[in-house]
Amino acid sequence: NPASKKQQKVGLERWWVFVWEKGYQETDSVVSSVTTKAKGVAVTNTSKLGYRIWDVADYVIPAQEENSIFIMTNMIVTLNQTQSTCPEIPDKTTICHSDSNCSANSADTHSNGMIKTGKCVPFNETVKTCEVAAWCPVENDAVVPKPAFLKAAENFTLLVKNNIWYPKFNFSKRNILPNITTTYLKSCIYDARMDPFCPIFRLGKIVENAGHSFQDMAIEGGIMGIQVNWDCNLDRAASLCLPRYSFRRLDTRDLDHNVSPGYNFRFAKYFRDHTGNEQRTLIKAYGIRFDIIVFGKAGKFDIIPTMINIGSGLALLGVATVLCDVIVLYCMKKRYYYREKKYKYVEDYEQGLAGEMDQ
Amino acid sequence: NPASKKQQKVGLERWWVFVWEKGYQETDSVVSSVTTKAKGVAVTNTSKLGYRIWDVADYVIPAQEENSIFIMTNMIVTLNQTQSTCPEIPDKTTICHSDSNCSANSADTHSNGMIKTGKCVPFNETVKTCEVAAWCPVENDAVVPKPAFLKAAENFTLLVKNNIWYPKFNFSKRNILPNITTTYLKSCIYDARMDPFCPIFRLGKIVENAGHSFQDMAIEGGIMGIQVNWDCNLDRAASLCLPRYSFRRLDTRDLDHNVSPGYNFRFAKYFRDHTGNEQRTLIKAYGIRFDIIVFGKAGKFDIIPTMINIGSGLALLGVATVLCDVIVLYCMKKRYYYREKKYKYVEDYEQGLAGEMDQ
Amino acid sequence: NPASKKQQKVGLERWWVFVWEKGYQETDSVVSSVTTKAKGVAVTNTSKLGYRIWDVADYVIPAQEENSIFIMTNMIVTLNQTQSTCPEIPDKTTICHSDSNCSANSADTHSNGMIKTGKCVPFNETVKTCEVAAWCPVENDAVVPKPAFLKAAENFTLLVKNNIWYPKFNFSKRNILPNITTTYLKSCIYDARMDPFCPIFRLGKIVENAGHSFQDMAIEGGIMGIQVNWDCNLDRAASLCLPRYSFRRLDTRDLDHNVSPGYNFRFAKYFRDHTGNEQRTLIKAYGIRFDIIVFGKAGKFDIIPTMINIGSGLALLGVATVLCDVIVLYCMKKRYYYREKKYKYVEDYEQGLAGEMDQ
């Protein structure tokens, strides 16, 4: 009977799902906590800032976050800004010849922190630009340093500590596995093949594993996802519940439509000069934000879903009877003959029903 | 037969769910990364701080966060605090006439960063208050500025960059759509009707869309949710998978029980005076935190859930037979008559079973 | 019939699940927003820093976060660092006798922000160590202060404001319940038995409730989870939808394998000295990060899941028929006898099928 065979196939499909998707297990989603710690040092030597060492307190901004860490890789520094008036950076819209070229105080929702005074003042010996009230001198971010200012960040390392918890099963584990020693932890670097459980990552390798170039990414910044997968079958030994790491670039991937690429933000360090006036150093920080994304499901044998799934599976098999009947009684040529054999006509059915309704 | 009709209704209900809830599709939850960038400038002119320009580095605290951004809209500044002793701000509990009114060093778990010395000292020419060891002078936050100090924040803009990923289908997309040009991005402002895909939001409009007044909210602060919904049917073209934005105020909505309203926190900028002593400027910052909440489900045709759902649907139809039998054989008046017709009594059943058990 | 009884058991199991797991309800997951506010003051008196008061702006770093708050409890301060060269802290690898013991500029991925110059210089009158270019003097974090520097943090309080929303049911609520008055909020402290709905927590009690010692945890830091459970049955009154708090330590729980324990990070406060040179105070901050984890499910009666569940339940009962048939017709000794009674052999079946195929 072809209908029955089709039905059997549905039943098999169902059983396969049952085993494959672990239908006999109760599942739970992971609850996780993450801490990170970066290490590494960079040296720069520029006319503006001189010889300078950059350590963790300099390039991690802010100092701590919940599930992510930002490493500054490139920057545009504007030193010694004060509240005053100064000429804008020359470009198509700011160059002027007289005050009439400059409108005063125009509300520009896309402006970068400047109020136009309406005057035209010399920017340097040859060019005049509109004057603004702002933190002066104003930042010139037309050119991003290439290669990245802190290109040494490629060799920085990132220690990721991750504790997970499956509340339903009260099962918890950390990504620093029980057999990892302090000595190993001081020297190891994550490698997908050689050291898949070392929780220390070289920044360059993370970006490389995701199929991108660290030095390219360092220039304009970006977002990297460090994915930690904790899929566990808790019917087996706890020691087999292991984290699996993968890496993915989370920002723009559309090379054709690369509007507003990378990742940057501005922050300032505030000072007082010797007369007590406030000064600040404005930093436009480009860098890579590493988001640690923890996911996973744990399964464990449980009688309830097992019963439900066995029941549903059997129910599916039961459909065969109905399908056969339908085909035999409605679709086949000799259906009237089969119907005669199948049904017993009870003569007083209508009468009986009517009698029941009366009461 | 009424039982059968009821059954058919259940079956229809099931099919409707199947189509409506896309029972033939495998679904996946969104994985997302968010970056934000605020723009805008405010001018203030007060006797305390003088004429002052406020830009992004001044009013975004901290400079970067993972899924949210805080814009300061109001503030209470306490300049030039040093570690020393000073009189408390006068109120019911702090005004004193002699040292006997002031208890020393009492442990107050709700205190605001002050240790009582037990002395009664003049606050000004007419009032005496208890002395405290603290960062002095102490902050006076009894009166919150009205209107908000940075009320111009209403016109600030917020660029939200959001990349999403559906891991099961390896489908990713960003909220800056492929057809958006740099020119458009430099001039557009989100509008639910006119520009529903522009990722740049005017702060005032966000709050307004959620049914609140920006200037009211700016005074004591609050939390706004920017919800990005990425529900996608991946059986259709990828270009139809589009973000939908909605806005909701996430903090207090209970006007009657408005205990501890708004959102504020304190931070300090640390300085050294010319003698090398540490000073700080304490800022109690009121403002609006914008939490970007990304959610959504994607569905795509898959044979497994389709088979399961078809199977379950058919199983439901099969129940009709059982229900009819139950009604006919147990509920109707003439049930004994029907039972006689239905069952064939096999005489040696008990014997047969017993025989089987013996073996 | 034993098969039928087994079947009934499955059916009962199913109904129990239906009622127990509220199969007649549609469910929704919680959407939440959290703000926190710490209060409290600590006094320290050391030769290095003198008599000093610590308030919120000093010990909460960064000033605000989305779902967590970090309270500094211990610290290693390195005052007045400048960019220069200085001898390293003496240990096994850094003590030297001549320049030949020191390699220059070696790339050490686990280094802590120092570039080796290759010289051997006196650290003090008796010991010589390798020279480094770094922020000098370099930090000495070999010994962590015991007891914790800000041990008074045990008495700090934390106000947690939490608004939740169930989007499907448009139901929202906050953890500051409607009947909580401002007076109560100013004096209450959470206690699992006496004040289970007071949203103000004493830090010491949080850690204690999780079964740990605050003073131990304060030394090296750690992560505490404040779990807020909002399981609600929305078929009942909204006033019965209440938050339940629980506390859990989220970091290391494996006393045997306590590699890299606790939680700390480094940050710096930048200054200018009177000659305009940049200085910084480096702080290695140990402390407790409180992650507020909000979870929960709401259920409300809905016709669709009810129909589906009733349907499935009935379908399971229908399986009894099939099972009985299977046992009677295939497993019993006298199966041939029953088969004869069950099936009607229709003589020309093969013929009929063949005829149909022909057409």
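Return the residues of the range A:43-65 that are aliphatic (A, V, I, L, M) and either facing another protein chain (nearest Cβ under 9 Å) or over 28 Å from residue C:76 (Cβ atoms) (or both); say none if nothing qualifies. Step through it out loud before you land on a result.
Restricting attention to the range A:43-65, the residues satisfying the condition of being aliphatic (A, V, I, L, M) are A:43, A:49, A:53, A:56-57, A:60-61, A:63.
A:43, A:53, A:56, A:57, A:60, A:61, A:63, listed by residue number.
So which of B:94, B:78, B:27, B:35 ends up being buried (at least 16 other Cβ atoms within 10 Å of the Cβ), at pLDDT 90 or above and away from chain A (no Cβ under 12 Å)?
Just one listed residue meets the conditions, B:78.
So, residue C:185, is that one over 30 Å from residue C:115 (Cα atoms) and either touching a residue at least 60 places away in the same chain (Cβ under 8 Å) or surrounded by fewer than 16 Cβ atoms within 10 Å (Cβ to Cβ) (or both) or not?
Considered against the rule, which asks whether it is over 30 Å from residue C:115 (Cα atoms) and either touching a residue at least 60 places away in the same chain (Cβ under 8 Å) or surrounded by fewer than 16 Cβ atoms within 10 Å (Cβ to Cβ) (or both), residue C:185 comes out as no.
Which numbered condition in (1) at pLDDT 90 or above; (2) assigned to a loop (DSSP other than H, G, I, E, B); (3) surrounded by fewer than 18 Cβ atoms within 10 Å (Cβ to Cβ) is the only one that residue A:62 fails?
Every listed condition holds for residue A:62 apart from (3).
Looking at C:100, C:111, C:47 in this structure, which one is exposed (fewer than 13 other Cβ atoms within 10 Å of the Cβ), touching a strand residue (DSSP E or B) at 6+ places or on another chain (Cβ under 9 Å) and modelled with pLDDT under 90?
Within the list C:100, C:111, C:47, the selection yields C:100.
Can you name the residue in the range B:202-225 that is over 11 Å from residue B:153 (Cβ atoms) and assigned to a strand (DSSP E or B) and, of all such residues, is nearest to the chain's Cα centre (by Cα)?
B:225
Just checking, which of A:141, A:191 is without any contact (Cβ under 8 Å) to a residue 40 or more places away in the chain and either surrounded by 21 or more Cβ atoms within 10 Å (Cβ to Cβ) or among the acidic types (Asp, Glu) (or both)?
A:191 is the lone residue from the list that is without any contact (Cβ under 8 Å) to a residue 40 or more places away in the chain and either surrounded by 21 or more Cβ atoms within 10 Å (Cβ to Cβ) or among the acidic types (Asp, Glu) (or both).
From the residues in the range C:261-277 that are more than 7 Å from every other protein chain (Cβ to nearest Cβ) and crowded, with 20+ Cβ neighbours inside 10 Å, which one is nearest to residue A:163 (Cα to Cα)?
C:262
Counting just the residues of the range C:172-195 that are more than 10 Å from chain B (Cβ to nearest Cβ) and either under 21 Å from the mean Cα position of the chain (by Cα) or of a type in the set (Asp, Glu) (or both), which one comes out farthest from residue A:34 (Cα to Cα)?
C:195
Of these, A:285, A:238, A:268, which one is among the small types (Gly, Ala, Ser) and over 21 Å from residue A:59 (Cα atoms)?
When all the criteria are applied, what remains is A:238.
Given the options C:139, C:131, name the one that is in a loop (DSSP other than H, G, I, E, B) and either within 13 Å of chain A (Cβ to nearest Cβ) or over 38 Å from the mean Cα position of the chain (by Cα) (or both).
The match here is C:139.
Criterion first (closer than 30 Å to residue A:51 by Cβ, touching a Pro at 6+ places or on another chain (Cβ under 8 Å), buried (at least 18 other Cβ atoms within 10 Å of the Cβ) and aliphatic (A, V, I, L, M)) does residue C:127 satisfy it?
Against the criterion (closer than 30 Å to residue A:51 by Cβ, touching a Pro at 6+ places or on another chain (Cβ under 8 Å), buried (at least 18 other Cβ atoms within 10 Å of the Cβ) and aliphatic (A, V, I, L, M)), residue C:127 does not qualify.
Within the range A:37-59, track down each residue that is in a loop (DSSP other than H, G, I, E, B) and of a type in the set (Asp, Glu). Working first, answer last.
First pass over the range A:37-59, keeping only residues in a loop (DSSP other than H, G, I, E, B): A:40-41, A:47-49, A:55.
A:55, the sole residue that qualifies.
Just to be sure, is residue C:84 part of a strand (DSSP E or B) and either within 14 Å of chain A (Cβ to nearest Cβ) or at pLDDT 90 or above (or both)?
yes
Suppose the filter is without any contact (Cβ under 8 Å) to a residue 40 or more places away in the chain and either surrounded by 16 or more Cβ atoms within 10 Å (Cβ to Cβ) or farther than 21 Å from residue B:60 by Cβ (or both); does residue B:176 pass it?
So residue B:176 fits the description; yes.
Within the range B:202-221, does at least one residue satisfy the condition of being touching a Gly at 6+ places or on another chain (Cβ under 6 Å), within 14 Å of chain C (Cβ to nearest Cβ) and on the phi > 0 side of the Ramachandran plot?
Yes, that holds for at least one residue.
The values are calculated or read from the model by the stated rules, or taken from the named source; none is laboratory data. What you are looking at is a predicted structure, and each value in this text was computed from that prediction instead of being measured. Cβ atoms come from the backbone with ideal geometry, glycine included; neighbour counts cover every protein chain shown.
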